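Enquirer: Let me give you the structure first, and then I'll get to my questions.
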Amino acid sequence: MSPFVSFQRVSARLGQKDILHGLHFDIQAGEAVALLGRSGSGKTTALKMVNGLLLPSSGTVVIEGTPTTEWDLIRLRRRTGYVIQEAGLFPHFTVAANVGLVPRLEGWTREAIDTRVRELLTQLGLPPAQFAGRYPRELSGGQRQRVGVARALAADPPLLLMDEPFGALDPVTRVEIQRQFLELRRRLNKTVLLVTHDVREALLLATRIGVLHNGRLVFLGERAEFLNAQDQEVRAFHTCLDDTTMGIAG
Amino acid sequence: MTSSLAGDIVDLTLEHLYLVLVSMAIASAIAIPAGILLTRRRFLQRWVLGFANVMQTVPSLALFGFLIPLPFLGGIGKTTAIVALVLYALLPILRNTLTGILNVDPSVRQSALAMGMTGRQLLVEVELPLATRTILAGLRIATVTTIGTATIAAAIGGGGLGVFIFRGLASVDTTLLLAGAVPAALMALAADQGLEWVEHKLSPV
């Protein structure tokens, strides 16, 4: 089976600065891949290459067999869910209008949109009767993030892109939403590409973990391989785990 | 106050209002689309804003004077007055349209594109609604300024409440000065309050 997403020697250059160097890896349908990296490692740039918000300066990103340069980008984006930190909700749209956005752009009927919005809000633990008519400013950070996830799932896209989706939340809420998302992902069987600097998030949500360092993919493998990897940058992320555990032990 | 003075006040106030409304309509029709265009063509910003800035710095009486010898746009009368008023009103509307759109949260713009909105949908459904308040504030500033500046239109035969003011100045007649100044001031206050109310009403967030 051909991969769902394929990075083929992808480099990115913004102005004079090289952001990505020869990124080369595949994501199979149904996989959840986390790109782990420090700030400035190029992980967000890599993510934006998938829905054509950025195009490679060399190499190709292939989605479902077609390079992003040949996709109708509007089509590609409408079938790719996108969740970002702070959700990026439209402040002048109600929760229902935010969640129903892509279905509306896609010309669904009012009833179909309505049903879908209710279904998603319920799934994410936001009772529609209480939340559908609210504006983003009337929600807590965790609720906004849930709405962000609901919006990304609205038109049932096969692929989800997530950029530090839970980074701005308090630790307790973060873990709650992460678990909820995990359960949702298992049920819906979406392909997911997640970028994060949180090694615990990567371990919790991803089936495979890639580590980006200065625009290069220095490691890609499953969780167990990640935990045993000897690469210096991967070990730097191991320390984050060790330190926390040691803190608890001490 | 004689009844003929009262009648004149009404006539000239209406004429003044006409000058302001026509000028504002034309200025908005130019400056709002131009402001939108500038958000798409950043390299033009310096030039266009520069032009609008320079227009604002020309003393108003002089600008009216400069326009008189110009063909088509100039001469004596209302057209010239309206051209000058439009030139003055451009900057605040243009600048606020530009600022209003550029100040839309980048994460909101980003997610609009990522959801697969077209450029037009982004503008109409996201950027313009979120910029409404700033754009209306620009219109309000421009309207209030135009009401004041329009009094000078009388100097080149444009009519309006300035007719009283210039006549009052020439004959050192306080009554005439007040007959021009008070309605103009009231009109400016009313416009300020009215448009502020609209700003609050239409503001989406």
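Enquirer: Along the Cα→Cβ direction, 7 angstrom out, place labels at residue B:185 and residue B:5. What is the inter-label distance in nm?
Expert: The two pseudo-label positions are separated by 1.6 nm.
Enquirer: A further question on this structure: Nearest 20 debye, what's the magnitude of the dipole of the stretch A:175-224 about its Cα centre given +1 on Lys and Arg Cβ and -1 on Asp and Glu Cβ?
Expert: The dipole magnitude comes to about 180 debye.
Enquirer: Continuing with this model, one more query. Report the net charge of residues surrounding residue B:11, where surrounding means a beta-carbon distance below 15 angstrom and charges are Lys +1, Arg +1, Asp -1, Glu -1.
Expert: Combined, the nearby Lys, Arg, Asp and Glu give 0.
Enquirer: Something else: Relative contact order for the stretch A:134-224: what percent, with Cα pairs under 8 Å and sequence separation of 6 or more?
Expert: Dividing the mean separation by the residue count of the stretch A:134-224 yields 23 percent.
Enquirer: Could you tell me which of A:150, A:184, A:90 has its Cα farthest along the dipole of chain A towards the positive end, charges placed at Cβ (Lys, Arg +1; Asp, Glu -1), taken about the Cα centre?
Expert: Going by the charge dipole, the pick is A:90.
Enquirer: Can you run phi through the Karplus equation (6.51, -1.76, 1.60; θ = phi - 60°) for the stretch B:144-149 and list ³J(HN,Hα) in whole Hz, with x for Gly and Pro?
Expert: 4, 5, 4, 4, x, 5
Enquirer: In bins 10 Å wide, starting from 0, what share of all Cα pairs of the protein assembly as shown does each bin hold, as a percent?
Expert: It works out to 4, 17, 21, 18, 13, 11, 9, 5, 2, 0, in whole percents.
Enquirer: Build a GNM of chain A with springs between Cα atoms under 10 Å: which of A:79, A:174, A:187 gets the top mean-square fluctuation?
Expert: Judging by the Gaussian network model, the answer is A:187.
Enquirer: Around residue A:195, under 9 Å between beta carbons, what's the net of Lys plus Arg minus Asp minus Glu among the other residues?
Expert: Its environment carries a net charge of -1.
Enquirer: Here is a further query. Which ordering of B:76, B:93 is given by a fewest-first count of other beta-carbon atoms within 10 Å?
Expert: Listing B:76, B:93 from fewest to most nearby Cβ atoms yields B:76, B:93.
Enquirer: How high is the relative contact order of chain A, given as a whole-number percent (alpha carbon pairs under 8 Å, six or more residues apart)?
Expert: 26 percent
Enquirer: Something else now. Amide H of residue A:168: which non-local residues (sequence gap of 5 or more, or other chain) have their own amide H closer than 5 Å, using H built in the peptide plane?
Expert: When sequence neighbours closer than 5 places are left aside, the close amide H contacts are A:86.
Enquirer: Another one. Exactly which trypsin sites (Lys or Arg not before Pro) in the stretch B:1-53 are in a DSSP loop and have at most 16 other Cβ atoms within 10 Å?
Expert: Qualifying residues, ordered by number: B:41.
Enquirer: Which of A:24, B:16, B:200, A:92 comes first, and how do the rest follow, when ranked by fewest Cβ neighbours within 10 Å?
Expert: Result, fewest neighbours first: B:200, A:24, A:92, B:16.
A short reminder: the numbers here are calculations on the coordinates, not readings from a lab. As the structure is a prediction and not an experimental result, all values here were calculated from the model. Using ideal geometry, Cβ is built from the backbone for each residue, glycine included, and neighbour counts are taken over all protein chains shown.
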